[in-house]
1. Only one of (1) of a type in the set (D, E, K, R); (2) within 22 Å of K59 (Cβ to Cβ); (3) assigned to a helix (DSSP H, G or I) is not met by E173, so which one is it?
2. If a residue has to be open to solvent by 70 Å² or more (accessible area, probe 1.4 Å) and either within 11 Å of T115 (Cα to Cα) or within 16 Å of the ligand (Cβ to nearest atom) (or both) to count, how many in segment 9-28 make the cut?
3. Search segment 65-85 for residues that are part of a helix (DSSP H, G or I) and within 11 Å of the ligand (Cβ to nearest atom) and pair each with any residue that is of a type in the set (A, V, I, L, M) and open to solvent by less than 10 Å² (accessible area, probe 1.4 Å) when their beta-carbon atoms are under 8 Å apart and the residues are at least 6 apart or on different chains.
4. Hey, does segment 46-53 have a residue that's within 16 Å of the ligand (Cβ to nearest atom), basic (K, R) and either in a helix (DSSP H, G or I) or over 17 Å from K137 (Cα atoms) (or both)?
5. (1) part of a loop (DSSP other than H, G, I, E, B); (2) within 10 Å of the ligand (Cβ to nearest atom); (3) open to solvent by less than 60 Å² (accessible area, probe 1.4 Å): which one isn't true of V144, the others all being true?
6. Quick check: anything in segment 122-132 in contact with a helix residue (DSSP H, G or I) (Cβ under 6 Å, 6 or more places away or on another chain) and assigned to a helix (DSSP H, G or I)?
7. Scan segment 86-130 for residues that are basic (K, R), touching a residue at least 12 places away in the same chain (Cβ under 8 Å) and farther than 16 Å from T152 by Cβ and jot them down.
8. Can you find even one residue in segment 114-130 that is touching a Cys at 6+ places or on another chain (Cβ under 6 Å), surrounded by 13 or more Cβ atoms within 10 Å (Cβ to Cβ) and farther than 14 Å from L64 by Cα?
Amino acid sequence: MTDLMGIIKGRRSIRRYQDKEVPDELLNQVLEAIQWAPSWANTQCWEMIVVKDPGNKEKLKETLPTMNPAGKAVVQAPIVLVLCAKVKSSGYYKDKVTTKFGDWFMFDLGIATQTICLAAHDVGLGTVIVGLFDHDKAKEALRVPEGYELVTLIPLGYAAKGSAAPKRREISEFTHHERF
Ligand SMILES: Cc1cc2nc3c(=O)[nH]c(=O)nc-3n(C[C@H](O)[C@H](O)[C@H](O)COP(=O)(O)O)c2cc1C
């Protein structure tokens, strides 16, 4: 049995990568993990672009502000997974939103993203979720069609350097009993 808590607690955001290829077999295992992520009414609204070309990675890096500490990771990692979503499907029924939260694609992609990061960590690969960048510029660079949004960049590869876990809130700080 896998040590699930060990994987959950041991995953860290990796911002420095070794110059070492990721075997296709491991990449496929990570992609297979997304396939099994839960989603609204099993909508599976995700689309994944696997970026390996240095020129494309450079274009993506240019969409990050200089203050984003993940800039180097986007060009250094051998692979950048670019997670996109089909809009107006998750949370919809007969073309109408069903809840006050509207489109649930961000929620479904959040679950898919964590699934990717945990599966990657399980096979010895590092990741970092990148959310701070110019999404429209990245969308244009990778020719994401209308009706889809490009949401996160996830550099994937072998960690060059680990990092300490940032401090977490205590369970008692965020857990409420019976009422908020
Ligand atoms: C939605 C989301 C967006 C993020 N965007 C960035 C980012 O743009 N740049 C970056 O360096 N880290 C980014 N992170 C990583 C967080 O900073 C990191 O998960 C957090 O500090 C906790 O550290 P840990 O992942 O090592 O546990 C993002 C994380 C999430 C969940």
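1. Unmet condition: (2).
2. Residues that pass the stated criteria total 3.
3. A73/V128; A73/V130; V74/L60; V74/V80; V74/V130; V74/L153
4. no
5. (2)
6. yes
7. Going residue by residue through segment 86-130, those that are basic (K, R) are 86, 88, 94, 96, 100.
If we keep only those that are touching a residue at least 12 places away in the same chain (Cβ under 8 Å) as well, we get 86, 88.
Within segment 86-130, K88 is the sole residue that qualifies.
8. Yes; the residues of segment 114-130 include at least one that is touching a Cys at 6+ places or on another chain (Cβ under 6 Å), surrounded by 13 or more Cβ atoms within 10 Å (Cβ to Cβ) and farther than 14 Å from L64 by Cα.
The values are calculated or read from the model by the stated rules, or taken from the named source; none is laboratory data. Small disclaimer: the values here were computed from a predicted structure and weren't measured. Counting neighbours? That spans all protein chains shown, and the Cβs are built from the backbone with ideal geometry, glycine included. All accessible areas refer to the heavy atoms of the entire protein, side chains included, with ligands and DNA or RNA removed. Shrake-Rupley method; radii C 1.70, N 1.55, O 1.52, S 1.80 Å.
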